[in-house]
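Okay, so here's the structure we're looking at.
The values are calculated or read from the model by the stated rules, or taken from the named source; none is laboratory data. Keep in mind the model is a prediction, meaning the values are calculated, not measured. Here the Cβ positions follow ideal geometry from the backbone for every residue, glycine too, while neighbour counts run over all protein chains shown. When the accessible area is computed, the model is the full protein with side chains, heavy atoms only, and any ligands, DNA or RNA have been set aside. Shrake-Rupley method; radii C 1.70, N 1.55, O 1.52, S 1.80 Å.
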Amino acid sequence: MEGKGSILIILFVLYSQSFLCLSQDFDFFYFVQQWPASYCDTRRSCCYPTTGKPNEDFSIHGLWPNYNNGKWPQNCDTTSSLDISQISDLKKRMEKDWVTLACPSGDGMKFWGHEWEKHGTCTSLDEHTYFESALDLKSKANLVQHLKHAGIQPGNFFTMESMKRAIKEGVGYEAYIECNVDTQGNHQIYQVYMCVDKSAKNFIDCPILPSGRGCGSRVEFPSLSHHSGSSHEL
Ligand code: 5GP
Ligand code: 5GP
């Protein structure tokens, strides 16, 4: 009888755990890309990755599951940590397109691990699909090319309207642009949010925009070229 009882308890625990996994539900993703020069232009310190100076290109910050009401789930499985062996074939692409700029310099592993644990564990995607999907979305968005096509190149100021129009025309969907402020007080383009369906493959119109991270009407699109060393911690 005791044996049967324990089996029932074990079955119940297994059942509720599988339910918990399946219940990691959400409505859409924010695919968020950061502009490295803007990360580095603020008063916060920035350090180039140990793998080298980033390209003059957007870099992935994260692929974040979100609810239609603006809230989001996070840290859904505290027992899961990044297993780098599952994404070894993606490492070169990650080093180029998902750079870490936080200090001290790192190879990206810590940043990717953080994103997996905080956001990836709340999706039903496995690690490889999660990271590969984000990399593919970056190529699909191809923001720098679309901005260039519209005459928007780093090192100048542009209107928010022209930037938004260039992205809408190039990608086909509206993006949300978040700004930060450089050391001279200029607003600059910092992160671009795009919405993606639950398959993590297709851009969609955003069900809701992130709140309270707006820009002025004229913003700087800074260049990384004047940043010299591998680190300028303040
Ligand atoms: P911050 O306060 O710098 O805007 O955001 C801090 C962190 O919270 C982000 O890097 C991200 O992990 C998470 N976060 C902020 N805003 C959102 C959001 O609108 N949706 C989701 N899913 N995560 C967010
Ligand atoms: P989130 O804001 O996504 O929750 O957290 C970002 C975390 O990753 C922070 O602890 C931050 O220090 C670290 N991090 C490492 N590299 C980067 C980077 O290049 N950009 C951003 N936004 N955070 C980074």
>> So the check is Cβ under 6 Å with 6+ separation or different chains; which pairs have a first residue in segment 36-53 that's at negative phi and surrounded by 14 or more Cβ atoms within 10 Å (Cβ to Cβ) and a second one that's of a type outside the set (A, V, I, L, M, F, W, C) and part of a helix (DSSP H, G or I)?
In response: C46/Y39; T51/E95
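Please count how many residues of segment 182-206 are in a strand (DSSP E or B) and either open to solvent by less than 70 Å² (accessible area, probe 1.4 Å) or free of Cβ contacts under 8 Å to residues at least 12 places away in the same chain (or both).
11
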>> Being in contact with a strand residue (DSSP E or B) (Cβ under 7 Å, 6 or more places away or on another chain) and either within 14 Å of ligand 2 (Cβ to nearest atom) or open to solvent by 20 Å² or more (accessible area, probe 1.4 Å) (or both) is true for just one of I84, I60. Which residue is that?
In response: I60
